[in-house]
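Scroll down for the structure; my scribbles are underneath it.
The values are calculated or read from the model by the stated rules, or taken from the named source; none is laboratory data. Since the structure is predicted, the reported quantities are computational estimates derived from the model, not experimental observations. Here the Cβ is made from the backbone with ideal geometry for all residues, glycine too, and neighbour counts use every protein chain on show.
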Amino acid sequence: MKQHLADRLICPVCLPREHGLQVDIRLAEDGDIVDGTLTCCHCDRRFPIRDGIAFLDPGQQEDRRANRYEQEEVVSSYLWSHYGDLLGDEQATDAYQQWAGLMEPHGGLALDLGGAVGRFTFEMGCKCDLAVGIDKSLAFIQAARRLMLEGELRFTLKDEGLLGHEVVIRRPAQWRPERVEFIVADAQRLPFAAATVASVASLNLVDKLPKPYAHLQEINRVAAIAESQLLLSDPFSWSTEAAEIDQWLGGKEDGPYAGKGMDNIEALLRHGHEGLSPGWQVTQRDHVWWKIRTHSNHYELIRSCFLKAAR
């Protein structure tokens, strides 16, 4: 983890109170903390930094082996989805380039929430002082940091059954790895102080969270009161595997969030509902076609609806 990022972090356990973290560095190389500990000055909770990765997810004790997002095949699928266009694959989409094109350059900090294996974080690193990719999956963060540090990433793409072939992602020369970092954290309990983030992205994440409204509140908390921007995109594949129906922000006929998810989220942001003030001005709504690959004969095409907002 980049040493200067430590100054921006707060304890996610103590939220909504904001308490800084004291860093104890045991090993550092070229401005990166390779091994160390972040300790809350209030609750004394310790968050390890191992192999350059800061673990700031309060629920990090859970068994990662049971998490599908830690599996090699799933990581491979997401790597193809994020970087398939760089591989020259004719089946790949340019979704991340389209999303990146919606964001205005700015100074300060950008957060890529649920950033998975890092493509949008890298794109945003070209438009701000520091872009931080956040995900609960250690395997995703490890893959993203490897590309950041080494400039290339080798992995196996599944062809069929037990068959596969190795491919290599090479980091484009225009990307700025010195302006990018990746941490393990929870998008519903962000380890950043209020009103300190200039741009926030939440791509294909809302329908995967147990408390989508809390996610919007966290976005609103960390985003700057003025001159900040938000990009939210989602297919709204609501599922009881991710959240109870009463937590959904759409996809149902009755209740406080009846109707379509994007309509409800736009209304919540515009009107500055509880925990979402001051309100946001929604400047654009549309969709992007996003694709994920399971194997050479199986792809899933997803219509991810987005809104761009600013204040």
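The numbered conditions (1) over 18 Å from the mean Cα position of the chain (by Cα); (2) surrounded by fewer than 18 Cβ atoms within 10 Å (Cβ to Cβ); (3) under 22 Å from Gly151 (Cβ atoms) are all true for Ile33 except (2). For the stretch 266-311, name all the residues that are within 29 Å of Glu160 (Cβ to Cβ), of a type outside the set (D, E, K, R) and assigned to a strand (DSSP E or B). Listed by number, the residues that qualify are Val288, Trp289, Trp290, Ile292, Thr294, His295, His298, Tyr299, Leu301, Ile302, Ser304.
Restricting attention to the stretch 53-91, the residues being polar (S, T, N, Q), at pLDDT 90 or above and either over 29 Å from Asp35 (Cβ atoms) or in contact with a strand residue (DSSP E or B) (Cβ under 9 Å, 6 or more places away or on another chain) (or both) number 4. Pairs linking a residue in the stretch 175-194 that is acidic (Asp, Glu) to a residue that is assigned to a loop (DSSP other than H, G, I, E, B), with Cβ atoms under 7 Å and 6 or more positions apart or on different chains, are Glu181/Met1; Asp186/Pro12; Asp186/Asp57; Asp186/Pro58; Asp186/Gly59; Asp186/Lys136. Checked against the criterion of being touching a residue at least 60 places away in the same chain (Cβ under 8 Å), in the same structural domain as Trp290 (by TED's automatic domain parsing) and more than 17 Å from Asp112 (Cβ to Cβ), the candidates Lys208, Lys252, Lys158, Lys136 yield just one match: Lys158.
Checking the stretch 162-173 against the condition returns a match, with at least one residue being part of a strand (DSSP E or B) and of a type in the set (Asp, Glu).
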